[in-house]
Each structure stands twice: as structure tokens, then as C-alpha cells.
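The values are calculated or read from the model by the stated rules, or taken from the named source; none is laboratory data. From a predicted model like this one, the values you see are computed outputs, not experimental measurements. Note: ideal-geometry Cβ built from the backbone for every residue, glycine included; neighbour counts use all protein chains shown.
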Amino acid sequence: MPTISSKGLLMPESPIRKLVPYAEQAVKDGKFIYYLNIGQPDIKTPEGALKAVKENDIEILSYSKSEGSETYRKKLANYFKTHDIHVSSKDIVVTTGASEALLFVFGSIMDPDDEVIISEPFYANYIAFSTASGVKVVPIVSKIEDNFALPSIEAFEKLITPKTKAILICNPGNPTGNLYSKEEIQKLTAIVKKHDLFLIADEVYREFVYDGETHYSIMQEKEIEEHAIMIDSVSKRYSMCGARVGCLVSKNKSVIQTVIKFAQARLSPPTYAQIASEAALDTPRSYFDDVIAEYIERRDTLISELQKIDGIKVSNPKGAFYCVVELPIKNSDHFAQWLLEEFDINGETVMVAPAGGFYSTPGLGLNQVRIAYVLKKENLIKAVHILKEALKVYKD
Ligand SMILES: Cc1ncc(COP(=O)(O)O)c(C=O)c1O
């Protein structure tokens, strides 16, 4: 039989999706599941975005430009200005989600065996994108006790080798909910300048920032214009995960020119979805005010309910819609599966994301789970109650 490539064999399975068969079986068995494991918001997509597609009278659904439609990129540049990010349409390449932007960046700036330093726990698919590009992830541990703050400059410098090409951050963070301060971004600025590295920032949760804090982008650091590459997406901002539209932004012309070659090879980002994304940019500020108020309420409910459980540690998320929770258990993969297969209260159970998959250091995160607060407040309360009762009877 013809064989699979070594890269194919190395590609990791999604740590979240591997639990799906157990969830499907639980549903078949008649259980109701509170899904605390997913990053799919239940917030409605802005009406204007949907309308722009429904009411469009396109007769030929043609390719767009490889780097994305001109009008959309111009409007995106205006949107970024409202966040004090001053770029032009020429600095933007529209992609099929942030996922494709990350793949293009890895392909454009790193050779096989090059290294990228990522603060862990991190978004699990970073491992998949690195594996697909033959790049080595070098993790730097951030701790729940420090609310997943940026590790020290010294800790970063210990990991920098001649193979290091980039530092990748996610701000606000998935799965941590951490928000890096301006000072932390400036620390990173100093490191990437000193060691001549790229700084990649995944800022897909930019809008989701709480407690009166403001998001500080790497693109606001003028000194690192040639180093900075920002990743963006409509998936979370407008609850448009299925549109599959993201982008990559950089002032570094060689990066953009190289990324465009990757973009040309896949011809074009989706045309209809760009129309929806362009219209979404007209969404009034009040939409976000409502969404953010909703997430703050959910976060506060979730954290205060979780804190009532003995023996758990929980981070204090400042952004995005996730938190990492340390549980009094040994193996969260087993615990998550057990919740689906063997536990329920009146036919209801919960699905959580085991956090081991968000770390690349073996053994870390095994007693942690990621919880997404993408459910309504009353359902979060019920879900945490189920978790609490489950922990009383669960045996590792
Ligand atoms: C941190 C982070 N980056 C990127 C993505 C992928 O985004 P997209 O849907 O735009 O591909 C996600 C999706 O959950 C994410 O959480």
C-alpha cells in the first residue's frame, strides 16, 4: 500500500475534536451536553453582513484578487485606524481565516527546522501549522499562578538559538484569556529588535477586552515595523466563523510580497465571504458594547461559580472568552471523556477541553481544562454545578 508522509503522520489531531465521537454517542444516548469546550460564539452575526450576501445580485461568482478585494482591504485599513493601527491596503493580505494567514506566515518566514518561541499554553492549532511547515515550536511556560503573564526577558533569551526566527503571541489569549499590557509588548519589542526576530501577534480577539482595559497591538510599536506581523480574522469579531475570512498585516514589504505568492497559489479568498466581511465593517459600535457587556457578565458568572468549587485554581481572564482551570484531578483527557461517557445529572453533562493539547511540553496541563464562556449565563451556572458534582465522585 502507498504510504503516508512522515509530516502527515506527525500532524496532531485536534485535542478538542478527538472528544467529539464521545459527545456524539452521549447525545445518541439521550444526554444533553453543555458545550464549554468550543470557541464558536452563540452571538448573532451582524445583520448587515448577512444581508450583503442575501441581497447581492452577482451573476458570476468570480475569483477575487489573490491578496483580497481592493475595497475590502481599504475598508479594513480604516477599521484598523480606529484601533490606532496605521496601515494601508497594501500592507494587508486577505486570507481564508486567520488559520490560512498563519500557514502563509510560517511558510514565508521560516525554513524547515527553524524555531518559533510561543508562550504556552497556546492555541492548539499553532502546533499543526508548525508541523505542516516543518517548523519547531519552542515553548516558554507561562503560569496560572501569574495569570499567564508574559515570561521574563531572561527566560526568552535562554531559549533563543541561531535557529530562532520568530516569537508568536496570542493577544488576547486563547486559551488563557490573558491580555498583554503595553509594557509587555514593549519588552517583546526589545527582544525581537536585539535578536533580529519576527514578532507574530494573533490578535483575532482584539475586540474582546474587559474591565476598561485597552488592547495594545504590536503594530503600534513603530520601532519594529519590519519585524511585526499581525494576524486578524472576522471569525470571532463578528461571530462569522463560517465565513472563513481573515488577514495578515505587515509593513514589511518582503513579507507581504512573499505571502502574496502563497496567496496566488491558492488563487483567491472566498468572494461572497469578503462581501459579508466588508459589510460587517459597518457594524455600529453598539453591537460590540452589547456583546462585551454580555461576555463580562458571563465571565464574572463563570469565575464566581468556579471559585465555589474546592481545590480548583482559575485564571482571571481579561480578554477573549476562555479561561484555564486547574482541577483536583490527574488526567483531564480522561476526565473529559468520563464526563461524556459516564456522568450526568438528570440526563445533563458538560464537555470541556482538556488543556494538555494547549501545551507542547509533555506532561504540562494534564490537570487543567479550558472553559469557553460562549453559553448564556443561566446555562453556565448549570454547567459549573454539573462540574462541581462530577468532581465529588470522579476517581482518577
Ligand atoms: C487564537 C486563534 N487564532 C486563530 C484562530 C482561527 O481563526 P479563523 O477562524 O479565522 O481561521 C482561532 C480560532 O478559534 C483562534 O482561537
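Set side by side, the residues Lys376, Lys330 differ, and just one is out of contact with any His (no Cβ under 6 Å at 6 or more places or on another chain) and at pLDDT below 95, which is Lys376. Determine whether the stretch 225-245 contains at least one residue that is near the ligand (Cβ under 9 Å from one of its atoms), under 17 Å from Leu76 (Cα atoms) and part of a helix (DSSP H, G or I). Yes; the residues of the stretch 225-245 include at least one that is near the ligand (Cβ under 9 Å from one of its atoms), under 17 Å from Leu76 (Cα atoms) and part of a helix (DSSP H, G or I).
Among the residues of the stretch 48-89, those that are surrounded by 12 or more Cβ atoms within 10 Å (Cβ to Cβ) and acidic (Asp, Glu) comprise Glu67, Asp84.
Which residues, counting only those in the stretch 336-367, are buried (at least 21 other Cβ atoms within 10 Å of the Cβ), in a helix (DSSP H, G or I) and either free of Cβ contacts under 8 Å to residues at least 60 places away in the same chain or among the β-branched types (Val, Ile, Thr) (or both)? Listed by number, the list holds a single entry, Leu339.
Summed over the stretch 26-57, the residues that are of a type outside the set (D, E, K, R) and within 25 Å of Asp232 (Cβ to Cβ) give a count of 14.
The requirement of being modelled with pLDDT under 95, more than 30 Å from Arg370 (Cβ to Cβ) and of a type in the set (D, E, K, R) is satisfied by Asp57.
Conditions tested, residue by residue: (1) within 22 Å of Ser14 (Cα to Cα); (2) at pLDDT below 95.
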site: Glu100; (1), (2): yes, no
site: Leu103; (1), (2): yes, no
site: Phe106; (1), (2): yes, no
site: Asp111; (1), (2): no, no
site: Val116; (1), (2): yes, no
site: Pro121; (1), (2): yes, no
site: Lys136; (1), (2): yes, no
site: Ile140; (1), (2): yes, no
site: Glu145; (1), (2): no, yes
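I want to confirm something. Restricting to the stretch 277-286 and keeping residues that are over 21 Å from the mean Cα position of the chain (by Cα) and of a type outside the set (Val, Ile, Thr), which single residue is nearest to Val384 (Cα to Cα)? Explain how you work it out, then say what you get.
Pass one, the stretch 277-286, residues over 21 Å from the mean Cα position of the chain (by Cα): 278-279, 282-286.
Filter again for of a type outside the set (Val, Ile, Thr), leaving 278-279, 282, 284-286.
Working: Glu278: 38, Ala279: 37, Asp282: 37, Pro284: 34, Arg285: 32, Ser286: 30 Å.
Checked the stretch 277-286; the qualifying residue nearest to Val384 (Cα to Cα) is Ser286.
Selection of the stretch 303-338 for residues being of a type in the set (A, V, I, L, M, F, W, C) and either over 29 Å from Asp211 (Cα atoms) or over 20 Å from the mean Cα position of the chain (by Cα) (or both) yields Ile303, Leu306, Ile309, Ile312, Leu327, Ile329, Phe335, Ala336, Trp338.
When residues in the stretch 9-49 are screened for being assigned to a loop (DSSP other than H, G, I, E, B) and more than 26 Å from Phe343 (Cα to Cα), 6 of them pass.
For the stretch 65-74, residues that are within 18 Å of Ala101 (Cβ to Cβ) and of a type in the set (D, E, K, R) total 3.
Within the stretch 79-97, residues that are free of Cβ contacts under 8 Å to residues at least 60 places away in the same chain and within 21 Å of Thr271 (Cα to Cα) have Cβ atoms under 8 Å from residues that are surrounded by fewer than 18 Cβ atoms within 10 Å (Cβ to Cβ) and acidic (Asp, Glu) in these pairs: Ser89/Glu70, counting only partners at least 6 apart in sequence or on another chain. Residues in the stretch 78-99 that are within 15 Å of the ligand (Cβ to nearest atom) and either in contact with a Phe, Trp or Tyr (Cβ under 6 Å, 6 or more places away or on another chain) or within 20 Å of Glu221 (Cβ to Cβ) (or both): Ile92 alone.
Let's see how each residue does on (1) without any contact (Cβ under 8 Å) to a residue 40 or more places away in the chain; (2) in a strand (DSSP E or B); (3) basic (Lys, Arg):
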| position | (1), (2), (3) |
| --- | --- |
| Ile118 | no, yes, no |
| Ala132 | no, no, no |
| Glu145 | no, no, no |
| Ala149 | yes, no, no |
| Glu157 | yes, no, no |
| Thr161 | no, no, no |
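Only a single criterion out of (1) out of contact with any Pro (no Cβ under 9 Å at 6 or more places or on another chain); (2) surrounded by 21 or more Cβ atoms within 10 Å (Cβ to Cβ); (3) of a type in the set (Ser, Thr, Tyr); (4) farther than 24 Å from Ala263 by Cβ is not satisfied by Ser233, namely (4). Starting from the stretch 28-51, keep only residues that are over 14 Å from Tyr295 (Cβ atoms) and at pLDDT 95 or above, then list their pairs with residues that are hydrophobic (A, V, I, L, M, F, W, C) and surrounded by fewer than 15 Cβ atoms within 10 Å (Cβ to Cβ) whose Cβ atoms are within a distance under 9 Å, requiring at least 6 positions of separation or different chains. Taking only residues 6 or more apart or on different chains, the pairs are Ile33/Val27. Can you tell me which residue is nearest to Asp146 (Cα to Cα) among those in the stretch 181-224 that are more than 16 Å from the ligand (Cβ to nearest atom), touching a strand residue (DSSP E or B) at 6+ places or on another chain (Cβ under 7 Å) and in a loop (DSSP other than H, G, I, E, B)? The residue in question is Tyr210.
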